[in-house]
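One structure below.
The values are calculated or read from the model by the stated rules, or taken from the named source; none is laboratory data. All of these numbers come straight from a predicted model, not from anything done at the bench. Every residue, glycine as well, gets a Cβ built from its backbone with ideal geometry; the counts of neighbours run over all protein chains shown. These accessible areas exclude ligands, DNA and RNA; they are computed on the full protein's heavy atoms, side chains included. Shrake-Rupley method; radii C 1.70, N 1.55, O 1.52, S 1.80 Å.
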Amino acid sequence: MSAALKSGEGLKTRASSTRTSAHAVDIPDEGPDTSLRNQISSIFTDTQRSTAIQRKLVINLRKIHEACCYEPVKPKKKHQEEDFGEAEFNEEIGRCMLRVLPVKKSEPVGDKVVRFLGLFLKHASDKDSALIQTDDADTTDAFPETPATRLTSHIITMILPLLLAKDKTVRFRATQIIAHIVNTLDSIDDELFGLVRLGLLRRLRDKESSVRVQAILGLGRLAGEGEENEDEDSDDEDSGGVLEKLLDVLQNDPSADVRRSLLLNLPFTPSTLPFLLERARDFDPATRRALYARLLPALGDFRHLSLTHREKLLRWGLRDRDENVRKATARLFRERWIEDCAGLKEAAEECANPGPQVSKPSLDALLELLERIDVVNSGVEGGVAFEAMKQFWDGRPDYCDYVSFPDSFWDELTPEGIFIARTFNDYCRQGENTKLQGMVEDKMPEVTKFAYLLQKHLNVLIEDVRKVALQEDVEVEEDTVQQEFCVEQLLHIALTLDYSDEVGRRMMFSVMREALAIAELPEECTKLAVEVLRTVCGSNAAGEREFCGIVLEAVAEVHDTIIGEEPSQLEEEGDDSFHSAQSELSEDLTLTKEKRSKKSKSDVDESEYEAIDEEKAIREIMVNMKCLHIAQCMLQNVSCDLEANSHLVTMLNNLVVPAVRSQEAPIRERGLLCLGLCCLLSKNLAEENLSLFLHCFTKGHDALQMIALQIISDILSQHPSLLSPIPSSNLTTTTAQDTTETASEQPSPFLKPITKSLLRALRSSSPSVSLTATTALAKLMLLNILRDPDVLASILKHITIAFFSPETAENPGVRQALSYFLPVYCHSRRQNAEAMARVAVQVVISVAGVRDDLEEDEMEGMVGLGVVGGMLVEWTDPRRVVGFGDGGETSDNGKEGDADSHLILAEELLERIVSPQVNKTTKKQFTSMLSKLHVPPPQHTRLCTPSLAQNVHALVIEAAEANVATDATARNALARLATAVGRVVKAARETGDADADVTDVTATPDAGTPDEGTEGDSAPEGMGGRVEDTRVEKQEDEEEETTVQVPIRVKREEGEMEEMDMEVEEEEEEEDETVAQLRREMSEFERSEVESEGTGDETTLA
């Protein structure tokens, strides 16, 4: 018997024995205890202990239910006066369920009782239905009224008003009970259906995510039901369709648990499937994993999905950032989808006890699987099919042993079959498993035979290409595309073969050389053929020279093959020269005009000459485009010095330079690419042509600008010395006594125009150009190529502002690149974190200005200043820098200055806080950033620069004296910072690290540090050396009134800093508490300094 339920104390919880309620609860009078209450309470008490006995308890409770509803209770001798009916039973069940409502979500006994209630209602409903069918088999009532339905109605009617309770625990348990009843029963009363539906719909907007999850569990069963009975004229916002509202929640709810619950409880319909599949791009990794691990396997045959959905699901899953999602996707592909293709369902239906089965390896099933994901399009470079097959071979070793490639396989290749061979070959050769390497050697043909097969399929491809050029047939074009894909896979296999066999190497060398000389060879096949030829020639210098010579011979043959229709032109051409498209086109036009004048008497139609001229122009462009593509592929596979290779010099002068000067845009762009590749092989050539690439960026269209930016970035990465300062020793200074020569450095002439172009591209209206500039700047800064402090600060400031600017909200590529670059850049080197600290204040002010200029409807893509400040503080945290203190603060190997980044940021923030030009909102944000800064403890003061800590400490005192802290939070932040920095300064003085007294701040600025100006680009780079020495003579006679001289900075209109000495009395009555505390600390420092100096005429004070 449950004493808790009898006395109204609620369910037993884990916390009930250790704590008591803080508020007294008035329990209403429930009447005297009865035997029915005792029996039901005892059952509900037992059900809290374990779920294993709930079936037995359900049967016992059903017996009591039947005794109350179908027959009179057989009273015992001592309770003969008691007679219970159905109403009493329902009241007692409802009374017990009310005790569940205050039980918190973390208590498992609440879930056990709710589960028990669902089991009992289901069991009672089935029993009552069986009794009704036995009594009246001809009944036509769709929803007969039974004791179980009346009990369900009683519980739902009692719980529904509690969905609106103020207590979140009560709302959670009430929604959970309603949802569990809805999911347990097969039918529900029509009158209650609308009330339940409306109540759960309202809980979809509950502020607690746990309540919304329970509402979804109930509405998932109601989705699609009762839509036709809606009142179309209703104005209630909750009267819309259930499915429509659930889909809206699936897309927009901020809670991952809510979205995941919807994903697993929505029905599979053609209208809901696209919304379910798009959860593959959900923010939450667990939700994405649930899609691949639970939803898609339960969806059925994957062949019912469209080709687009299959390809996207594979690409998103296999390239997910979360490892568990990638594993779930790979398991889905190699275990579920392959079984759908193997026809396991049909075989399972024929078996009496199918059970979980794995079909035997089947090559036909694998071929169909690749066909279903369109391997011709998804199997190219960058496609997802190669990644999917890598995971397939890794998880299905039975297929590795099963597949074989006999001679008949190579005679008639299909895209799916050759892709299986290529992926199997790559998987076995790239691994370190000797068994797999021996397996691929046995199953793949040797080099000589493979070269013969490659030549055979190359010939077939060339014939198909020529057929397509002569006739426009869709079937022929499809066959050509498939044959091209097969040749590409063969060339990929050729890249991995072992060419130690000289016979096979020579055979492959001959095949590749002949293939390059074929003008009709597609570009992708040409690129792979060049790579195979480079592999065959060897990796030494001699092999590289031979490779360049062979490729240039192929270029000459391609040129002569297409232009060979005019023998007179062939006779005039030399073997080692090439002409630009513009020069050849002008010569051909001259010859055409001469022929036209001679044939004018023969009444030849003028349109024929125009057609001939147009055909010649197109042929000339094709000639140079093909030759330039071969040259480009060659340049991508060499690394020698360009001046030392005569073949490359010839190619540069006779092919690349004329192409750059061409008037045809495609030729000019490809020529520019080749010239950029040549510049990577020669620093002198790069120096001569950098101005050309800058001109192309300035005057070119978007595509040409992207090419120019990529070339400039690659050149600077390959030759960083181009941006190094130029030394000059010709500057002399002559005086009457002597003449001295001073050596100085001048900045690189390329630094300013390159920086200007990159920043201009960063602000470009074209998303692709802006993304290219962002990537280029990120590479140059990570490689530490841009070393000029002013240039680096300007670029860092602009890209940080661009990251927070709402203008980049529509360019996710830039946002994604910067979200990776900025933390990596700041945490990679200490100097980078310090550079960010120096521009952080300017960034906050600029973002605040942009935010103030925006209207309310434009604020959607703008982040708050709190987020901006928090990210800047996190990026400049010295503890996150790689190698901080060579092991952290607890290590003894740290260097001075390792923890300066936050001190620099504090100095910059305090300079702005005491400035009257900054508004209150920005000052409040700066003070909030001060509270998040990290200052090393005194025992690790070696990580800080003493002079910098002294400056920060003086600025804190100045800020406190100026009463810039208007609230308790700001005063506490200043006090904490003053205490932390003061300890560092004192510890530095005690250890003898400071060059002067603790309170002595030298006023010698760095030579390269600019003066502080406005809030624009000329903002201060550092704060070192801005406070002059403040010295106060000891006043031995004046002991009653002591004064402290505190330097106060006042900004002039020109941006200069003026220091004034201001006497502050220690005994001022209305002094701020924080200022008084800081004053006492400073007085202690003064006394300690006076005592340490001994006999000195002057004592330096802070």
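Ordered from largest to smallest accessible area (heavy atoms of protein chains, 1.4 Å probe), the residues 635, 198 come out as 198, 635. Hey, got the dipole for the range 96-209? About the Cα centre, +1 on K and R Cβ, -1 on D and E Cβ, debye to the nearest 20? Using only the charged Cβ atoms, the result is roughly 1200 debye. On full extension, the segment bounded by residue 63 and residue 553 gains 166.6 nm, given 0.36 nm per residue less the C-alpha separation. Computed with a 1.4 Å probe over protein heavy atoms only, the accessible area of residue 398 comes to about 50 Å². Note on surface exposure: 507, 634 rank 507, 634 by accessible area, highest first, 1.4 Å probe. So which GluC sites (Glu not before Pro) in the range 802-858 pass both tests, a DSSP loop state and at most 11 other Cβ atoms within 10 Å of the Cβ? Loop-located and lightly packed - 855. Here the range 354-466 is assigned +1 on the Cβ of each Lys and Arg and -1 on the Cβ of each Asp and Glu. Its dipole about the Cα centre then comes out at about 160 debye. Ordering 679, 69 by accessible surface, largest first, gives 69, 679; the 1.4 Å probe counts only protein heavy atoms, with every chain in place.
The heavy atoms of residue 786 offer some 10 square angstrom of accessible surface to a 1.4 angstrom probe.
Hey, with R₀ at 35 Å, roughly what FRET efficiency would residue 502 and residue 456 work out to, going by the Cβ-Cβ distance, to 0.05? Computed FRET efficiency for residue 502 and residue 456 comes out at 0.95.
With both labels modelled 7 Å from their Cα along Cα-to-Cβ, the residue 401 to residue 653 distance reads 6.5 nm.
Length gained on full extension, residue 164 to residue 621: 157.0 nm, using 0.36 nm per residue less the C-alpha separation. Between residue 879 and residue 256, the FRET efficiency estimated from the beta carbon spacing at R0 = 25 angstrom works out to 0.25.
Residue 933 contributes an accessible area of around 30 Å² to the protein surface, as traced by a 1.4 Å probe with all chains present. Stretched out straight at 0.36 nm per residue, the stretch from residue 298 to residue 323 would grow longer than its current Cα-Cα span by 6.8 nm.
Past 32 Å, Cα to Cα: identify those pairs from 435/626; 312/435; 895/932, in the order given. Among 435/626; 312/435; 895/932, the Cα-Cα distance tops 32 Å for 435/626; 312/435. A simple count of charges around residue 484, restricted to other residues whose Cβ falls under 9 Å of its Cβ and scoring Lys, Arg +1 and Asp, Glu -1, yields -3.
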